[in-house]
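So that we are looking at the same thing, I have put the structure below in structure tokens.
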Amino acid sequence: MQQLYELGERLRKTYIEETPFLSPTFIPTEVYVRSTNIVRTIESARCLIAGLFQQKQKDIVSILTTEAESEILYPNYQGCKLLKVLLSPRWAEVSTLPGIAADLQSILSALGIEAHQHVDFILIRDDMVARETHGLPSPPVLSSWRNTVEERAVDMICHLYEPSRREKLQLSVGALLHVLLDNIEKKLEGSSAEANRKLFLYSAHDTTLIPCLMALEIFDMKWPPYAADVTLELHQNRKTGDTFVKVSYMGQDQLIPGCSGVYCPLQEFKQEHLPHGSIKRPLINDAAASWFDSLCSFLLNAVDANR
């Protein structure tokens, strides 16, 4: 969790020390924290908050979660039947693609893993990186395969989501992108329930970041490392009232395709990327538990009717 603590320190330097945007101590009305309901992401959020506020707080840090069926902080194959229908055949065929299949057969043979055990490059990469990060030994044979494992894992995820085709990205992260845009709109309208809210933190997964980066068209064909982060900043010109969005990935400002500059006029940003977020979702509340499943089931029925 050291990487998340260090990410919190980096955010502290940016938003507290260099620019006095956030209060130096945690104030719940300023900071909203949301995580998937998984221990490691909840712990990641806690470590980030500890680094950001140096463990100084006036109140208990509440980390909000929701049920798995309605989760939007990762591509929800179980909650969205249509997403499962679209991705299942892609998963089934990806390990049989000529280049991937040949490399996978070779590395499985070198590792002594039987083909029927359904191990793929993404699983191998996860295990390899986890071992490296925690100082655990890896099979020596992996040292010569490391770059290939990284490249083939990315090849697999690209085949799965087909970034040039919109529907899989919409169903995977469209609802999340809509929530981010909704946060911006409500802040500008002054209609947020929490008028003092300055920071929305979402603790998710590498498999959340990749389709988000694809939707924003800034995926660099490298698997995100631990504690990788995407930041959307809202800026407003005090004289003209014009609003801008600045996107950064792991602390580096990004020029979003379709935007006229790093500080992207909000209208340009919405025109370019609202289609990916066009699957709208109400804010998390008691009535929203089955929303995602209902929407995806409805779209699935529509697809079936048109076959």
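Does THR207 qualify as being of a type in the set (S, T, N, Q) and within 25 Å of PRO163 (Cα to Cα)?
So THR207 fits the description; yes.
Let me ask something else about it. Out of the residues in segment 202-223 that are β-branched (Val, Ile, Thr) and assigned to a helix (DSSP H, G or I), which is surrounded by the fewest Cβ atoms within 10 Å (Cβ to Cβ)?
THR207
Moving to a separate point now. Let me confirm something: among ILE124, ILE100, ILE63, which residue is surrounded by 12 or more Cβ atoms within 10 Å (Cβ to Cβ), hydrophobic (A, V, I, L, M, F, W, C), over 24 Å from HIS159 (Cα atoms) and at pLDDT 90 or above?
Sole residue among the options that is surrounded by 12 or more Cβ atoms within 10 Å (Cβ to Cβ), hydrophobic (A, V, I, L, M, F, W, C), over 24 Å from HIS159 (Cα atoms) and at pLDDT 90 or above: ILE63.
Conditions tested, residue by residue: (1) touching a Ser or Thr at 6+ places or on another chain (Cβ under 8 Å); (2) within 30 Å of GLU30 (Cα to Cα); (3) outside any helix (DSSP H, G or I); (4) modelled with pLDDT under 90.
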| position | (1), (2), (3), (4) |
| --- | --- |
| LEU160 | no, no, no, no |
| SER164 | no, no, yes, yes |
| GLU194 | yes, yes, yes, yes |
| PHE200 | no, yes, yes, no |
| PRO225 | no, yes, yes, no |
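Here are some residues: THR66, THR96. Which one is within 18 Å of the chain's Cα centre (by Cα) and not in a helix (DSSP H, G or I)?
Among THR66, THR96, only THR66 is within 18 Å of the chain's Cα centre (by Cα) and not in a helix (DSSP H, G or I).
I'd like to verify a number: residues in segment 131-176 that are over 20 Å from TYR74 (Cα atoms) and in contact with a Phe, Trp or Tyr (Cβ under 9 Å, 6 or more places away or on another chain), how many?
6
Only one of these is touching a Phe, Trp or Tyr at 6+ places or on another chain (Cβ under 8 Å), under 24 Å from THR133 (Cβ atoms) and crowded, with 18+ Cβ neighbours inside 10 Å: LEU7, LEU87, LEU22, LEU73. Name it.
Every option except LEU73 fails the conditions.
Among the residues of segment 15-48, which ones are more than 12 Å from VAL61 (Cβ to Cβ), in contact (Cβ under 8 Å) with a residue 60 or more places away in the chain and part of a helix (DSSP H, G or I)?
Those that are more than 12 Å from VAL61 (Cβ to Cβ), in contact (Cβ under 8 Å) with a residue 60 or more places away in the chain and part of a helix (DSSP H, G or I): TYR15, THR41, SER44.
The values are calculated or read from the model by the stated rules, or taken from the named source; none is laboratory data. Keep in mind that what you see is a predicted model, and the values were worked out from it rather than measured. No Cβ is skipped: glycine too gets one built from the backbone with ideal geometry, and neighbour counts run over all protein chains shown.
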